[in-house]
Amino acid sequence: MDEPLQELENELKQLQPRRARARWLEQINRDLAAELPAPSRPRYATATNLGSWKWLGWRTTAVAAALALVATFGVVTLRRPVPAAIPAIPDSAAPAAGPAYEPVAASNVLYDLKDEGAVPGAGEAGARRVRARYVDTYTWKNPRNNASIKWTVPRDEIRVVPASYNPN
């Protein structure tokens, strides 16, 4: 049974397809072109096409408005009045009024939060210990010469949070 199939396979391998006539291929192409709709190019091909103005949409406008509000808020809140010219100190060596440096900013950044597990002996409900790690940054500025000092301090904060368990 395997031998007749092998013979048929050998005969099929020896067959060579005929070349299609050019007229026949042209007719097929014409018929296909008549049935298929013409390809239409989308109105906006890409977002980088500046002629389409697709790139300037509502999202871009909203981002620009938000940035303008943040910039305005920063200018209004951070602007300090420029001090008048400091009068010459007489020879009596009297100190200038006011401190040399004034605090102008303080910030803290949380960079690690870790649950350290259950705390033994914390009552019926139990409790968990949570460690938060911060970096605090303090800035002082001298209004006379605009010199500034920045101090960065790491800080750990450990909290014992009561644990509650509700089986429902």
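Assorted remarks:
- Calculated FRET efficiency for the pair N142/A118, C-beta based, R₀ 41 Å, to 0.05: 0.25
- The amide H of R128, built 1.01 Å from its N in the peptide plane, has V119, V161, A163 as neighbours under 5 Å, considering only residues 5 or more places off or on other chains.
- Taken about its Cα centre, the stretch 100-168 carries a charge dipole of roughly 260 debye when the Cβ of each Lys and Arg holds +1 and the Cβ of each Asp and Glu holds -1.
- Once the C-beta distance of R155 and V63 is scaled by a Förster radius of 30 Å, the resulting FRET efficiency is 0.30 to the nearest 0.05.
- Taking the Cα atoms of the stretch 100-168, the ratio Rg/Rh between the radius of gyration and the Kirkwood radius comes to 1.31.
- Residue ranges 23-31, 130-138, 7-15 sort as 130-138, 23-31, 7-15 when ordered by packing (mean number of other C-beta atoms within 10 Å per residue, highest first).
Since every read-out is calculated from the coordinates, none of them should be taken as a lab result. Because the structure is predicted, anything quoted here is derived from the model rather than measured. Ideal geometry is used to build each Cβ from the backbone, glycine not excepted, and the neighbour counts take in all protein chains shown.
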